[in-house]
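Structure record follows, encoded as structure tokens.
The values are calculated or read from the model by the stated rules, or taken from the named source; none is laboratory data. As the structure is a prediction and not an experimental result, all values here were calculated from the model. Every residue, glycine as well, gets a Cβ built from its backbone with ideal geometry; the counts of neighbours run over all protein chains shown.
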Ligand code: FES
């Protein structure tokens, strides 16, 4: 993992916190939300989010998404190795990313809609939104105006670990409210604010 030390979006705990700040800015937050997100960033360091191993670095295949629930068991996501460096990507090539599988427009399921040829997910079955996974899940087509929430990853040896989420998951007032923590996750510390979006 030596290469990871030089890559700004490879997640040890310290770099994860740094990246959260950059990711917030890239997602075009309103000024008030930047303050809130910065607060969430600090809380991430305090362990508000649960931590969950979601993959194995030595086994993840390029172009084959893996589904997982995080941070709550009701919240679907996917982990994918793009085969091309991506914003906040982890691993030796900076190409491993994870995102919510719920469209930010009206919650359409994006499961099974990864398109490896363009490193994107979509079109959404409801209104055809498509999201660029190399650029933080930015919408590039149709109705959605918000980035797809991106799961913050950290590499611990051969483990790929989810440690937080940038953006508000569709249908939730908070990413950590109204549900049970994902199976197998190490609980975070309750009560703190979480990352929100504008
Ligand atoms: S719900 Fe996905 S584009 Fe409308």
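Scanning region 167-178 for residues that are within 16 Å of the ligand (Cβ to nearest atom) and surrounded by 24 or more Cβ atoms within 10 Å (Cβ to Cβ) turns up 167, 169.
Out of 159, 117, 183, report the one residue that is within 15 Å of residue 76 (Cα to Cα) and surrounded by fewer than 17 Cβ atoms within 10 Å (Cβ to Cβ). Explain how you work it out, then say what you get.
Values: 159 fails: within 15 Å of residue 76 (Cα to Cα); 117 fails: within 15 Å of residue 76 (Cα to Cα).
The match here is 183.
If you go through region 39-72 and keep only what is surrounded by fewer than 15 Cβ atoms within 10 Å (Cβ to Cβ) and either within 16 Å of residue 99 (Cβ to Cβ) or at pLDDT 95 or above (or both), you end up with 56, 58, 59, 61, 62, 63, 64, 67. For region 118-166, a tally of residues being in contact with a strand residue (DSSP E or B) (Cβ under 8 Å, 6 or more places away or on another chain) and either within 15 Å of the ligand (Cβ to nearest atom) or closer than 11 Å to residue 105 by Cα (or both) returns 23. Here residue 111 clears all of (1) over 16 Å from residue 75 (Cα atoms); (2) surrounded by fewer than 16 Cβ atoms within 10 Å (Cβ to Cβ) except the condition numbered (1). Quick one: is residue 94 modelled with pLDDT under 95, more than 13 Å from the chain's Cα centre (by Cα) and at positive phi? No: the conditions fail for residue 94.
Among the residues of region 109-117, is any over 26 Å from residue 53 (Cβ atoms), within 16 Å of the ligand (Cβ to nearest atom) and touching a strand residue (DSSP E or B) at 6+ places or on another chain (Cβ under 6 Å)? The answer is no; no qualifying residue exists.
For region 94-108, the candidate set comprises residues that are near the ligand (Cβ under 9 Å from one of its atoms) and in contact (Cβ under 8 Å) with a residue 40 or more places away in the chain; within that set, the residue that is surrounded by the most Cβ atoms within 10 Å (Cβ to Cβ) is 103.
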